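Comments concern the structure below.
Every number here is computed from the coordinates shown, using simple stated rules; none is lab data. This structure is a prediction, so every number in the text was calculated from the model and none was measured. Counting neighbours? That spans all protein chains shown, and the Cβs are built from the backbone with ideal geometry, glycine included.
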Amino acid sequence: MDYDFDLIVIGSGAGGGTLASACATRGKRVLVIERGRRTQIDERVHDEQRTLFDKQPYDDRPIELNGESRRLLMGGVLGGGTSLYGGAMIRPSVDDFHPGKSYGERIDRALWDWPLGYDELAEYYDQAERLYHVAARGGDDFAPLAPPTASNEDEILPLADINRRLIDANRRQGLHPFQLPLSIDASLCLRCDNCAGFPCPTGARRSAAQLVDEAQAATSQLTLLTNCEVERFESGTSEVLGGVHVRERSTGELSLYRARRYVLSAGAIGSPAILLRSGFVHPLIGRHYMMHYSPLCVGFYLASTGADETFVKQVGFADYYFGTDDCPHKMGLVQSLPAPGPLMMAKSGGRLLPRWLLASLRKRMLPLVGIVEDLPNPANRVTLGEGGRICLSHQFSEYDRDRGRALGRQMKRILRRGGAVYCAGNALPSQEHVAHQCGTLRFGRRADEAVVDADCRMFGQRDLFVVDGSILPTSLGVGPSLTISAMALRVADILTQEI
């Protein structure tokens, strides 16, 4: 077979963009196919209506979610979710790789241990932190999470005053808050009040798009196609694919590209959809979709917190990661968030309030969010409907909700210790926000228990790898971006040795 490239990568997010840049800089001929366009940076980059309501930088496909057509807030530009995330890149706990310790009979026996452990990824976590310029405070206590690389010397964003007070007050009560490890260059950062969910106007927030651009600038080995959608894989013989069919979205022109190896990295919704369109059959393709259950708690203060004018997403708490006194079950991380914009505040229940009051509340708030590890459920799945339309079925379990409520109670205590005079909680996450999606093509040791093997290679298809959140068999108690990037670098080593 004649090959157009050594490697074709479908998707340019934390998995695909990281892997593609690593392979290209090692001399491999790489084609990156991205469904979205480049992020357009202009004076309206922080326009809340344009970004979060019109969803211009987000995926433009209507998804049938529980029978209702929606556009979801998942990355739809070069760099995928890393072009829109909040920059937090956090290592999980070593025990996250052994879910059976926490959940026992609540999960399948095959999921009690991941097919690889933390030690096998440790060096790749180091590499990923360097690539994404993750800055962390070395003296902070991250336990039970694995700490960031101690030698990281990137400048750390200075703490907002409200966050310093929050940290000091909770440390006096015996907690161990830490400054979030962020992939943000402090020398370029504008300290925007609305960071997460928006494109970065200066490039201070590191993204996979930057890795792709840097690889292109450093070598002629990387070819990038944007605004191009993969229709399906062409079947081949002897466990070898015949190529990938790509449609240019502006013109409708179809092309077939062939490579020695293929990497699917279109996300936990997009990747299984491509396999299903291509005729792949496996009982687990598309099943066990997960996205963290994320209870929200907002503290309101008498004095200004600065949340309406500066960056406040800076603090994390892992004290309740493995449970609380009133709920001794594994939960996950607590971290601060930016204050929602005026339009989002109105949508979330403030429609009847005058603008001046919404502005006053925003000036005095500090939000926290819990990242509760939701458990895999085969009924939560991605399928294809009429005409190839993507259909997503998802409901959180009562077990997820119980742990979310318990973590919400702890978040209120954290905020009150820091001076909040009133706390409002929302235990029901928005269905449109699908950050941290994972699980639909999980990896494992045997083909009857997983879709891909421990090296992220699809069982029965030796030239096809999957590197995105879909491979995670459980959802961790932290955001998965750093773990996906580390996994991508591990697979890049495998690919560069094979090709």
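Would you confirm whether any residue within segment 133-150 is of a type in the set (Gly, Ala, Ser) and under 19 Å from residue 371 (Cα atoms)?
Residues of segment 133-150 that are of a type in the set (Gly, Ala, Ser), as a first pass: 135-136, 138-139, 143, 146, 150.
Retained after the next criterion (residues that are under 19 Å from residue 371 (Cα atoms)): 143, 146.
Yes, there is a match, as at least one residue in segment 133-150 is of a type in the set (Gly, Ala, Ser) and under 19 Å from residue 371 (Cα atoms).
May I ask you to list the residues in segment 184-209 that are of a type in the set (D, E, K, R) and surrounded by 20 or more Cβ atoms within 10 Å (Cβ to Cβ)?
Taking segment 184-209 and keeping what is of a type in the set (D, E, K, R), we get 185, 191, 193, 205-206.
Of everything in segment 184-209, those that are of a type in the set (D, E, K, R) and surrounded by 20 or more Cβ atoms within 10 Å (Cβ to Cβ) turn out to be 205, 206.
Inside segment 141-162, can you point out the residues that are surrounded by 15 or more Cβ atoms within 10 Å (Cβ to Cβ) and small (Gly, Ala, Ser)?
Across segment 141-162, the qualifying residues are 146, 160.
With the requirement that a residue be among the hydrophobic types (A, V, I, L, M, F, W, C) and either buried (at least 18 other Cβ atoms within 10 Å of the Cβ) or without any contact (Cβ under 8 Å) to a residue 60 or more places away in the chain (or both), what does segment 163-183 give you?
Result: 166, 167, 175, 178, 180, 182.
Search segment 301-332 for residues being on the phi < 0 side of the Ramachandran plot and in contact with a His (Cβ under 9 Å, 6 or more places away or on another chain), and hand back the single one that is surrounded by the fewest Cβ atoms within 10 Å (Cβ to Cβ).
My answer is 322.
Here are 22, 14, 110: which of them is out of contact with any Gly (no Cβ under 9 Å at 6 or more places or on another chain) and either within 29 Å of residue 448 (Cα to Cα) or part of a helix (DSSP H, G or I) (or both)?
Only one candidate passes the filter, namely 22.
Could you tell me whether segment 84-99 includes any residue that is part of a loop (DSSP other than H, G, I, E, B), acidic (Asp, Glu) and touching a residue at least 24 places away in the same chain (Cβ under 8 Å)?
Checked segment 84-99: no residue is part of a loop (DSSP other than H, G, I, E, B), acidic (Asp, Glu) and touching a residue at least 24 places away in the same chain (Cβ under 8 Å).
Sort out which residues of segment 210-263 are exposed (fewer than 14 other Cβ atoms within 10 Å of the Cβ), polar (S, T, N, Q), over 21 Å from residue 59 (Cα atoms) and touching a residue at least 12 places away in the same chain (Cβ under 8 Å), and write them in order of number.
Correct list: 235 only.
Starting from segment 387-416, take each residue that is under 20 Å from residue 272 (Cβ atoms) and list its partners that are among the small types (Gly, Ala, Ser), counting only C-beta distances under 7 angstrom and pairs at least six apart or across chains.
Partner pairs satisfying both residue conditions: 390/273; 391/385; 393/379.
Determine whether segment 94-104 contains at least one residue that is of a type in the set (Ser, Thr, Tyr), crowded, with 20+ Cβ neighbours inside 10 Å and under 18 Å from the mean Cα position of the chain (by Cα). Quick ask: steps written out before the conclusion?
The initial filter retains those residues of segment 94-104 that are of a type in the set (Ser, Thr, Tyr), namely 102-103.
Filter once more, keeping what is crowded, with 20+ Cβ neighbours inside 10 Å: 102.
Now drop any that are not under 18 Å from the mean Cα position of the chain (by Cα), which leaves none.
No, every residue in segment 94-104 fails to be of a type in the set (Ser, Thr, Tyr), crowded, with 20+ Cβ neighbours inside 10 Å and under 18 Å from the mean Cα position of the chain (by Cα).
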